Each structure stands twice: as C-alpha cells, then as structure tokens.
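Below is a structure I'd like to ask you about.
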Amino acid sequence: IQKAKTLSAAEQRILGYYIDGHEIADIPELTFISIHTVKKHNRSIYQKLAVSSRDELMVYIEMFRRCDRLEELTN
C-alpha cells in the first residue's frame with residue numbers, strides 16, 4: 001500500500017484503468033494522451049510498485065482484489 005501511495009495522479013489514473021480491466025491500447029483514447037506517454041507512466045508504475053511486467057502488475061492487482069483491499073491501491 002505504501003508503494004501505491006507514491007504514484008502520481010496520472011499514474012494512479014492509469015492504474016485505475018488496469019484495475020477496471022482495460023488494455024494498454026485502450027488507455028490513450030480514454031485519457032487523451034499518446035501511447036508513448038502511457039508507456040512512460042507504465043515504466044514508472046512498474047518501478048514504484050516493484051513489478052517488471054504487465055502480467056506481474058495484474059497479479060499485484062489481483063492480490064489486493066482477493067484480500068478485499070483493492071480500493072486502497074487507488075486512494
């Protein structure tokens with residue numbers, strides 16, 4: 001949870017889209033930013049949450065979902 005609190009507002013918004021089940025290709029259209037910017041945010045999210053891929057990020061999200069603590073990731 002502490003790691004998630006280090007995410008910027010933009011990174012939290014991107015993480016929220018992943019939590020909602022969106023793919024990386026969906027995010028530029030939803031956020032009105034380029035795919036390059038999304039990838040930049042992804043790198044930062046991965047670094048801050050200590051994951052190395054989208055698959056690991058989805059496992060991370062699923063762990064919080066199963067513990068019924070998912071809302072803590074986005075607050």
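May I ask you to list the residues in the range 31-46 that are under 21 Å from Lys5 (Cα atoms) and among the aliphatic types (A, V, I, L, M)?
Hits for the range 31-46 are Val38, Ile45.
Take the range 47-65 and flag every residue that is open to solvent by 40 Å² or more (accessible area, probe 1.4 Å) and under 15 Å from Lys5 (Cα atoms).
Gln47, Lys48, Ala50, listed by residue number.
Within the range 46-75, can you find the residues that are at positive phi and not acidic (Asp, Glu)? So that I can check it myself, show each step before the final result.
Looking only at the range 46-75, we keep the residues that are at positive phi, and these are 50, 68.
Within the range 46-75, Ala50 is the sole residue that qualifies.
To continue, here is another question. Can you name the residue in the range 66-75 that is in a helix (DSSP H, G or I) and under 13 Å from Gln2 (Cβ atoms) and is also modelled with the lowest pLDDT among such residues?
Here is the first cut: in the range 66-75, the residues in a helix (DSSP H, G or I) are 66, 70-73.
Then keep just the ones that are under 13 Å from Gln2 (Cβ atoms); that gives 72-73.
Numbers: Glu72: 86, Leu73: 83.
Of everything passing the filter in the range 66-75, Leu73 is modelled with the lowest pLDDT.
Output the qualifying pairs, or none if there are none: Cβ atoms under 9 angstrom, residues six or more apart or on different chains, first residue in the range 43-60 and of a type in the set (Phe, Trp, Tyr), second residue open to solvent by 30 Å² or more (accessible area, probe 1.4 Å).
What qualifies is Tyr46/Ser52; Tyr46/Ser53; Tyr46/Arg54; Tyr46/Glu56; Tyr60/Ala50.
Among residues belonging to the range 1-37 that are touching a Phe, Trp or Tyr at 6+ places or on another chain (Cβ under 9 Å) and touching a residue at least 24 places away in the same chain (Cβ under 8 Å), point out the one that is farthest from Arg66 (Cα to Cα).
Checked the range 1-37; the qualifying residue farthest from Arg66 (Cα to Cα) is Ile24.
Still on this structure, please answer the following. Is it the case, given these coordinates, that Asp68 is open to solvent by 100 Å² or more (accessible area, probe 1.4 Å) and of a type in the set (Asp, Glu)?
Numbers: open to solvent by 100 Å² or more (accessible area, probe 1.4 Å): yes; of a type in the set (Asp, Glu): yes.
Yes, satisfied.
Among (1) surrounded by 12 or more Cβ atoms within 10 Å (Cβ to Cβ); (2) closer than 14 Å to Lys3 by Cβ; (3) of a type outside the set (Val, Ile, Thr), where does Pro28 come up short?
Pro28 satisfies all of (1) surrounded by 12 or more Cβ atoms within 10 Å (Cβ to Cβ); (2) closer than 14 Å to Lys3 by Cβ; (3) of a type outside the set (Val, Ile, Thr) except (2).
The values are calculated or read from the model by the stated rules, or taken from the named source; none is laboratory data. Everything numeric in this text was worked out from a predicted model, so none of it was measured. All Cβ positions, glycine included, derive from the backbone under ideal geometry; neighbour counts span all protein chains shown. Protein only, heavy atoms only, side chains kept; ligands, DNA and RNA dropped before computing areas. Shrake-Rupley method; radii C 1.70, N 1.55, O 1.52, S 1.80 Å.
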